Amino acid sequence: MKKIFITLALATAVFTSCKEKAETTTEEISTTLQEETSATPEVEQVKDTTAFASRALEQDFAELDGKSITLQQILDQQKGKAILIDVWAAWCPDCIKAVPTMKEIKAEFTNVAFVNLSLDKTEESWKEAIEKYGIEGLHYYSKEGKGMKGDFGKSLDLNWIPRYIVVDKEGKIALYNATEKNFDQIKDLLKKIQ
């Protein structure tokens, strides 16, 4: 009988000890959660989408005649005009499907500069696509040759093409991230800023 009593006493002591430990753990977790939620959150860096990153402006492009030019120089050449930038590639089916709508927009907004920035893998495929699909506007080919995954693509947060960027007459980005689904928004904006 004594053995049973000692065994019960030990079991009670262990149970009580575990229960106290569990309560302490629950209290500790609750305190930690309160501290985490009441702590001042870190301020997130908000990207300025009204200006190009310097690494984007420094990016080298090829003109149709083979001369080298940076995005900054392209923008400087169009200073004082509203600009619609089309980031595209010949291998992109959505880019090619958007060509007829882009032609309509170009016909409607004759005071706007249309800048096509190609992310094609080769200059040959870029030039062939311009000819084949009758793509209008100013043409430039990214010499980086890494498509959306290159430094230029990263500097623009590219995750989809075609990608459209509208720049106002003062050189500020008026619309940073538009796709072919935003054509009505692009047109409305161009009406205001052209």
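Values in this text are rule-based calculations from the coordinates and carry no lab data. Remember, it's a predicted structure, so these values are computed and weren't measured experimentally. Cβ placement follows ideal geometry from the backbone for every residue including glycine, while neighbour counts extend to all protein chains displayed.
Observations, loosely collected:
- Loop sites in segment 73-170: chymotrypsin sites (Phe, Trp or Tyr not before Pro), DSSP, at most 14 other Cβ within 10 Å: W91, W160
- Under the combined filter of DSSP loop state and at most 15 neighbouring Cβ atoms within 10 Å, segment 108-194 retains these GluC sites (Glu not before Pro): E136, E144, E170.
- Here's the picture: a label point sits 7 Å out from the Cα of A53 along the beta-carbon direction, and within segment 152-166 the residues with their amide nitrogen under 12 Å of it are 152-159.
- Cα-Cα over 18 Å, subset of K79/K149; K67/K127; K103/K149; K97/K132; K81/K187: K79/K149; K103/K149
- For L175, residues with placed amide H under 5 Å, excluding near neighbours: V166
- Within segment 137-161, backbone nitrogen closer than 19 Å to the virtual label 7 Å beyond the Cα of E124 toward Cβ: 141-147
- For segment 70-185, the equivalent ellipsoid derived from the Cα gyration tensor has semi-axes of 20, 17, 14 Å, listed largest first.
- Whole-Hz ³J(HN,Hα) from phi, Karplus 6.51 cos²θ - 1.76 cosθ + 1.60, for segment 171-186, glycine and proline x: x, 8, 6, 8, 9, 8, 9, 10, 10, 4, 6, 9, 4, 5, 5, 4
- If a spin label sat at a point 7 angstrom from the Cα of E104 along the line to its beta carbon, no backbone N atom of segment 119-134 would be nearer than 17 Å.
- Global size of segment 39-130 as Cα Rg and Dmax, reported in angstrom: 16.5, 58
- Distant-in-sequence amide H partners of Q59 (H built 1.01 Å from N, under 5 Å): L71, Q72
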